[in-house]
Amino acid sequence: MRFPPVFLKYCRTGCRSWLAPIVLAAMAAGLTVSGAPARAERIKEIASMQGVRTNQLLGYGLVVGLDGSGDQTTQAPFTAQSVNSMLSQLGIQLPPGVTPQLRNSAAVMVTTQLPAYARPGQPIDVTVSSLGNAKSLRGGTLLLTPLRGADGQIYAIAQGNVIVGGAGASAGGSKVQINHLSAGRVPGGATVERAVASPALTGPTVRLELTQTDFTLAGKVAAAINKSLGTEGAALAQALDARVIEVQLPAEADKRVPFLALLENVDVTQDLPSPKVVVNARTGSVVMNQTVTLAPSAVAHGNLSVTISSTPVVSQPGAFSQGQTVVAEKADIQIKQDGGAVIKLEGGAKLTDVVKALNTLGATSGDLIAILQALKAAGSLKAELDII
């Protein structure tokens, strides 16, 4: 059962009765009560709003209070320079030519992301990473650090205790370490000082950007919006290209946020993904989606191994011959090729059938990559082969 467009328009413009929250809750859960599509996703899961984005912030700071695991001044001179500059601002002047040994301090880079619509005073988490040769930031405290954006302006100020999810100990040349010790986080350690203006709700329209470029999906998103939120004879959305859909916003400013909340929860029926096999040549990982199929084929795969062994040979001169001992090497090279029987692979229309057919080969992940490439070249693998 779907709600009539006229009824939806009435609820958006002036419905204030007890029925309005129930209708809006049902629409947020999905505009279809029965007969839901087999593969439907909400717009908020496949698209984002243009202009609603995070901004990266970066800062340089100092971590103090370390237990002798900080930077070595001789190899990280910028740490001592930073400490001298900080002390001079606090009214402390070091004698000329004095370089302090700061084993309890470390120079760090502080990074974070400024969320969309963040307001001054809002706390955000920051990541602290060692810039020098500090062994560990565990137990340290980040001093007041301004965080700047790409335009050079300060948008947040960070300070707080660094939390490192690891531990380590070393003595007598032995070292034991759990996880990474030269980076940590300060939860809620930065305070937003300046907001970033977002033009998303200022114009008459808002643009949705799909996460993937697809003309078919862009047309389906526009059609779903017009069917769910549009009125008779008026189209709210239109696809500008394979990635961007433009949607008309209500003229009243107080109705735009509820309208966008409904817009994000509109269901869009998608087709099954295109058959694709992703191969990571560095790690040997092979990943297939559910639409990969395999035509009947025959495969023969053999292994070629080359073994080189070296044995030292010592030539010892006779007694009183005044000769010298000579050490040589004797190399033994063996080449072995295992014959591979021809194995028939039955055609499979399901992913489980394809996996079962490839498992009959008994090949390793490295061999499987070569087999998949050969099957694709022979036209037996009905999928796009993507090697990363």
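Residues of segment 87-110 being in contact (Cβ under 8 Å) with a residue 40 or more places away in the chain and surrounded by fewer than 16 Cβ atoms within 10 Å (Cβ to Cβ), which ones?
So the first thing to find is which residues in segment 87-110 are in contact (Cβ under 8 Å) with a residue 40 or more places away in the chain, and the list is 104-110.
109, the sole residue that qualifies.
From 202, 216, grab the single residue that is more than 23 Å from the chain's Cα centre (by Cα), among the hydroxyl-bearing types (Ser, Thr, Tyr) and part of a loop (DSSP other than H, G, I, E, B).
202
Out of (1) of a type in the set (S, T, N, Q); (2) buried (at least 17 other Cβ atoms within 10 Å of the Cβ); (3) part of a loop (DSSP other than H, G, I, E, B), the odd one out for residue 145 is which?
Every listed condition holds for residue 145 apart from (3).
Here is a list: 361, 345, 375. Which entry is closer than 30 Å to residue 274 by Cβ and modelled with pLDDT of 75 or more?
375
Here's a check for you: in segment 248-279, which residue that is modelled with pLDDT of 90 or more and assigned to a strand (DSSP E or B) is nearest to residue 217 (Cα to Cα)?
So, considering only residues that are modelled with pLDDT of 90 or more and assigned to a strand (DSSP E or B), the one nearest to residue 217 (Cα to Cα) is 268.
Quick check: anything in segment 269-284 within 30 Å of residue 156 (Cα to Cα) and within 26 Å of the chain's Cα centre (by Cα)?
Within segment 269-284, none of the residues are within 30 Å of residue 156 (Cα to Cα) and within 26 Å of the chain's Cα centre (by Cα).
Taking segment 103-149, which residues are closer than 14 Å to residue 188 by Cβ and of a type in the set (D, E, K, R)?
Hit for segment 103-149 is 125, nothing else.
Can you pull out the residues in segment 87-107 that are over 40 Å from the mean Cα position of the chain (by Cα) and assigned to a loop (DSSP other than H, G, I, E, B)?
Passing the criteria: 90, 91, 92, 93, 94, 95, 96, 97, 98, 99, 100.
Go through segment 49-86 and report how many residues are surrounded by 15 or more Cβ atoms within 10 Å (Cβ to Cβ), under 30 Å from residue 205 (Cα atoms) and among the polar types (S, T, N, Q).
2
What residue, of 51, 68, 121, is part of a loop (DSSP other than H, G, I, E, B) and free of Cβ contacts under 8 Å to residues at least 60 places away in the same chain?
Result: 68 is the single residue among 51, 68, 121 that is part of a loop (DSSP other than H, G, I, E, B) and free of Cβ contacts under 8 Å to residues at least 60 places away in the same chain.
Let me spell it out: the conditions are (1) part of a strand (DSSP E or B); (2) surrounded by fewer than 13 Cβ atoms within 10 Å (Cβ to Cβ), and residue 127 meets all of them except one. Which number is the exception?
(2)
The values are calculated or read from the model by the stated rules, or taken from the named source; none is laboratory data. Just so you know, these numbers come straight off a predicted model, no measurement behind them. Please note: Cβ atoms are built from the backbone with ideal geometry, for glycine as well, and neighbour counts cover all protein chains shown.
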